[in-house]
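Student: Structure provided below as structure tokens; questions to follow.
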Amino acid sequence: LSPRSLEAEKPPAVSNGDLRLDGKGKKLRKPRTIYSSVQLQALNQRFQQTQYLALPERAELAAQLGLTQTQVKIWFQNKRSKYKKIMKQG
């Protein structure tokens, strides 16, 4: 085995919690979350009720759907942004 192939097998270095760096010091992105149709249906339904979730509501929804609170938070942020963009266009 060459030193290069050994280097490729090493897991990325982790520093500061979730920040992952490859061998060249570049940040590696977490893979995109794929939501199930059931999860999307529940998220969209909740968004129609309210565009903003309080912390306990977010925790409860995340637990119900098997998602992290961060995933729910980001989904709502993205949905609000998309909604505002559509409203702006008319």
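The values are calculated or read from the model by the stated rules, or taken from the named source; none is laboratory data. Computed from a prediction, not measured in an experiment: that's the story for all the values here. Every residue, glycine among them, receives a Cβ derived from its backbone with ideal geometry; neighbour counts consider all protein chains shown. SASA here: full protein model, heavy atoms, side chains in, ligands and nucleic acids out. Shrake-Rupley method; radii C 1.70, N 1.55, O 1.52, S 1.80 Å.
Student: When ligands, DNA and RNA are left out and all protein chains stay put, how many square angstrom of accessible area per residue does the stretch 37-89 have with a 1.4 Å probe?
Tutor: I get 73 Å² per residue for this part.
Student: Starting from 0.36 nm per residue, how many nanometres of slack lie between Gln41 and Gln71 once their C-alpha separation is accounted for?
Tutor: Computed gain between Gln41 and Gln71 is 9.3 nm.
Student: If a/c stays under 1.5 just call it rounded; otherwise compare a/b with b/c (prolate if a/b is bigger, oblate if not). Do that for the stretch 37-89, with a ≥ b ≥ c from the square roots of the Cα gyration tensor eigenvalues.
Tutor: prolate
Student: Counting other Cβ atoms within 10 Å, which chymotrypsin sites (Phe, Trp or Tyr not before Pro) in the stretch 45-90 have at most 13 and lie in a DSSP loop?
Tutor: Tyr52
Student: Under 19 Å from the 7 Å Cα→Cβ point of Gln64, by amide nitrogen: which residues of the stretch 21-42?
Tutor: Under 19 Å, as judged by backbone N against the label point of Gln64, lie 35-42 of the stretch 21-42.
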